[in-house]
1. Residues to consider are A:R58, A:R120; find the one that is basic (K, R) and within 12 Å of another protein chain (Cβ to nearest Cβ).
2. Taking C:E31 as meeting all but one of (1) touching a strand residue (DSSP E or B) at 6+ places or on another chain (Cβ under 6 Å); (2) free of Cβ contacts under 8 Å to residues at least 60 places away in the same chain, write down the number of the exception.
3. Of all residues in the range B:63-100 being more than 10 Å from chain C (Cβ to nearest Cβ) and touching a Leu at 6+ places or on another chain (Cβ under 9 Å), which is farthest from C:Y365 (Cα to Cα)?
4. From the list C:I297, C:I289, which one is modelled with pLDDT of 95 or more, within 14 Å of chain B (Cβ to nearest Cβ) and under 22 Å from C:G452 (Cβ atoms)?
5. Checking the structure you have, find out if any residue of the range C:86-97 is surrounded by fewer than 19 Cβ atoms within 10 Å (Cβ to Cβ) and among the hydroxyl-bearing types (S, T, Y).
6. Any residue at all in the range C:237-253 that's β-branched (V, I, T) and closer than 15 Å to C:L450 by Cβ?
7. Take C:I423 and decide whether it is facing another protein chain (nearest Cβ under 7 Å) and closer than 27 Å to C:R459 by Cβ.
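The values are calculated or read from the model by the stated rules, or taken from the named source; none is laboratory data. This one's a predicted model, so the numbers in the text were calculated from it and none came from an experiment. All Cβ positions, even for glycine, are placed from backbone atoms using ideal geometry, and neighbour counts span all protein chains on display.
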Amino acid sequence: MTLRDGWEMVVGLEVHTELKTTTKMFCGCANEFGSEANTNVCPVCLGLPGSLPVLNVRAVDLAMAIGFALHSTIASSTFHRKNYFYPDMPKDFQISQYDLPINSGGHLDLPDGSRVSIERAHLEEDTGKSTHLGGTGRIHGADRSLIDYNRSGVPLVEIVSGPDIRSSAQARAYASELRGILIATGASDGRMEEGSMRIDANVSVRRPGDPLGTRCEIKNLNSLRSLQRAIDYEALRQVELIEGGATVRQETRHWDESLGETSTMRTKEEAEDYRYFREPDLVDLVPDVTWQERIRGELGPMPAARRAALLARLTDPTSAQLDALEVVVDLGFDDIVLAAIDAGVEPSLALARAANELASGIDDIANLTTDAFIVTLTMEQGGELSATQAKTVLLEILAHGGDPRGVARAKGFEQLSSDSLGETVAALITEHPDEWARYREGDEKLAQFFIGQVMKLTKGQANGKAVIAELQRRR
Amino acid sequence: MTSPLRREDVAKVAKLARLSLSEAELDEFTAQLGQVLEHANDIAALDLEGVVPTAHPFGLINVVREDVRRASLARDDVLAMAPDARDGRFAVPRIMGEAP
Amino acid sequence: MRSALDIARDVRSGATTAERETASSLAAIRERNDELNVFLFVDEEGALGAARRVDERVARGEEVGSLAGVPIALKDNLCQMGVPTTAGSKILQGWRPPYSATVIGRILDAGAVPMGKTNMDEFAMGSSTETSAYGPTRNPLDVDRVPGGSSGGSASAVAADMTPLSLGSDTGGSIRQPAALCGLVGVKPTYGLVSRYGLIAFASSLDQIGPFAKNVTDAATLLEVIAGHDPMDSTSLPEPAPSLVRHVNDGVAGRRVGLVRELFEGADDEVVAEVGRAATALRDAGATIVELSIPEIHLTLSAYYLIAPAEASSNLARYDGVRYGLRVDGDDVAAMNEATRTAGFGAEVKRRIMLGTYALSAGYYDAYYGQALKVRTQLIDAFRRAYLETDLLLGATTPSVAFALGEKTADPMAMYLSDVFTIPTNLAGDAAISVPFGVGRAGLPIGVQLLGPGRSEARLFAAARVLEVADERS
């Protein structure tokens, strides 16, 4: 969707990502999604009187990794307290970085070639979670709220983009590319549905060339779809306000996914006075060159580079192949796909099997070795396994482990050796002399006829390409 | 430069700090806090351009811990402290408005 | 009451038992606690249990620490697992922490017997123990006077011979001032020397836990036990506890002692006279006395009354009625927070929260809090310069002897001024000790204060010991 003619939207995103650490940011409680309520809590993350925070080094490592991936400047940083009352925040202040964040500046290049600047990417702690009883189950109309502090103190990095985004599609592309980077750095699992990545969008509109308009901030967009819809809605709302002679009021707005609209949460006048000041219970963070270089050295290639590496192996890629490539890079299967291509597997086949079968078995991917993937695809390509059989073998290995030949044997996928294929084809030629003659004279359509016959005789266990090869050998 | 403390400033601060003050307390606090701030004006008036602020008395840096689990508290002990708890969670009166 | 050192020696040798010492401490507490209001909670059962465990260790021939069987009183802002801990506030009434402060683990390891929790100014905000929600503590030496504060209960416990040792906390003088007013040795250790983990925070960048004792050696013994790095406190100094007891009798020969004008000017004449006498005693013991002026000290009271309330306003936000302690209900959670805090906090705490909230709020931060942090830098630099030409500084601990109950409660500013000599050490993060020296009107004790740079505790104890000996002789 494009904005109404003569208008331009200006969008900046604040992306909060939970870091994939073993423990919380300031205590040794598990950083775990889905545990029973209030079981991963201790004096520190409950904010009990007398407790003190001690920084998790892994959170710093991951924050720096994000910084490197976004071409940020990594510098000495400090922690502040952001003071406001909210029941899911046990100390009634949030420990966050303020004027001296660990990562400043940087940029993110999107697949379409556009570049979005990064203002900062800083560390902070997450809050607990409230649920609402009575009424609708939402905040409004509830008469009591219940709080679980398992998430309290989980490490977050907030990545703030510059106001460089000009369409909702670009915003979506940015969030998607950033998500890929967060996964690639090992900083996040990128599971938006579990809230491990949450987005706030700052949206304003203007006539192209005009100074920036008044912005509204839309909070807590929890999917790429919500992000895109909310931005489109909000930009249009602002255009209509202005065209109707009104002005946009600076405020924080809430996105309602079911209604498909944003509504006022808080106006600028109602904004909190956070009374930021240095967190006296924590000391300065000064990552020296050795520390920084170790993190930089551990960093693998980012999605853009990995996409390019795969793309280089495809000639005239189809759009299906490009889609598969996206999935493969997103899920981190590019290494296994490249290894298969290097071992002689057709790029399109390797991509397809990775984007489908491997993707569906991603939780059990540890059961499948690169070698097993290559052997299965080589068997398929050589006619030893049909496409259906190869898929079955892959899924079986993902579910229960094993080697491809053993699994194929156990499944009763008889080896259709080239000898027996040759015999079958020879018999068919004898049986269908007319068809064979026409095929020899160049009627390629007859190949399909012979493949069909072979399939019928072998109950689908033959490989079409191998049949064609055999026919051509005999032509 | 700082202006003298007004009654409405005190009322605003009380709201920020989640305290409710009676009219008499408002008057009393305005006077008492005003006195302390007046005393503090001796430093508010100083020219300290270029002086680095000290938040910590000592310059320790990079105090971190390894990403290793430690025992959490038992949930029963945690909820035993709560003024109100239900379904394994802390219960509070309804929350008006979302977190900032 | 015998010294901690004697008790520990006799418990280890079998000449007495921890249980017997504990029983005698309990008897002393029973005798005067109603009158003085020293203990908010006497942990009779816990103390006897801890004592028996010490006796069992002795019986098994195990190495028992330097505080074997020594009864100790704990300020009520130290979290002790399962033991009511209120910080002197109604808002924490009935709260039993599910964990213990690091210092409590350390004293238990050393064989000490925690007797219970002592009264204090609410959240340590006060200089007389009169802001406690549980009523004031009286000075055992004159029950119509205050024991000082905020650690007034811990000071009174030792002064009333209920326990030979106690722990307090010092944010702006809360150990040294009551030590002076009760005739005790009180130590504010170097910031970071003692772990703050489990100490209910007042002002995090200033708070330190420290000992009270009747004599210098006992105080050094206790500090040695509780000091040393703790990985649970990010501001904990990285090194193990220093040797202190071994250096108590090192003397001051060759030391240069700065007599700082701003640290006794304005005090009562009798106090100034004792400071002068202390300087003479140190000189007689071989020290060189240098007269000094550190004018930056004039600004520290103002800086302190911005920095400490600012940090406190944030530290005390968590008392919101959601997770523990008092709750006063309301229609929604914000109303509940407000009702709880309004009912749960006393006037002094509210005053400081208000002051701190104001100092940090938009539009005022730079003028107040920001300036105060810069003044703090200037003070640190001034002390650093003073320590280039001296090893120690000498001054008064308090402007006067113990004042009457109720004398300063109506005038916060007058109360704040009673901390004027102790506050600079907290802002600088340095160490200081108050040691009884001479008596003033009505035979009430006077304390003089020795100050040193960070990590100078051994030096301070040696100088304090010189004054202790001189005072005994006079």
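1. Selected residue: A:R58, the only one of A:R58, A:R120 that is basic (K, R) and within 12 Å of another protein chain (Cβ to nearest Cβ).
2. (1)
3. So the residue we want is B:D87.
4. Sole residue among the options that is modelled with pLDDT of 95 or more, within 14 Å of chain B (Cβ to nearest Cβ) and under 22 Å from C:G452 (Cβ atoms): C:I297.
5. No - not one qualifying residue is present in the range C:86-97.
6. Filtering the range C:237-253 for residues β-branched (V, I, T) gives C:245, C:248, C:252.
Keeping just the survivors that are closer than 15 Å to C:L450 by Cβ gives C:248, C:252.
Scanning the range C:237-253 turns up at least one residue that is β-branched (V, I, T) and closer than 15 Å to C:L450 by Cβ.
7. So C:I423 does not fit the description; no.
Yes/no matrix, rows are residues, columns are (1) within 7 Å of chain B (Cβ to nearest Cβ); (2) surrounded by fewer than 21 Cβ atoms within 10 Å (Cβ to Cβ); (3) among the basic types (K, R):
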site	(1), (2), (3)
C:R323	yes, no, yes
C:A343	no, yes, no
C:T357	yes, no, no
C:L379	no, no, no
